[in-house]
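The structure under discussion appears below in the form of structure tokens.
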Amino acid sequence: MVYSRNWNWIAVIKNSLKLVVSIDDDPWLFDQKVDADELINFYGTNAYKEHIKEMITELHIQFNEYESDYAKSS
């Protein structure tokens with residue numbers, strides 16, 4: 001999994017799935033195997049429920065670890 005952060009959003013990418021959480025919008029889940037242009041939000045789709053749960057958990061872990069390390073170095 002890859003973790004990425006910007007001012008308004010954070011994302012986690014696993015294989016072909018990308019979960020994006022923004023302070024300005026609802027969560028988005030993209031599946032690049034199904035939708036390479038990232039136009040369809042699969043976030044509310046039951047078929048992705050377990051993937052979303054795993055990715056949110058990983059996002060929390062990475063965010064807490066990264067932000068903690070960043071705060072210590074500032």
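Details
- Global form of the stretch 15-58, assessed from the alpha-carbon gyration tensor, a/c cut-off 1.5: oblate
- Cut-off under 5 Å, modelled amide H: who pairs with residue 45 long-range: none
We did not get these values from a lab; they are worked out from the coordinates using the rules stated. Worth saying up front: this structure is predicted, and the values here are computed from it rather than measured.
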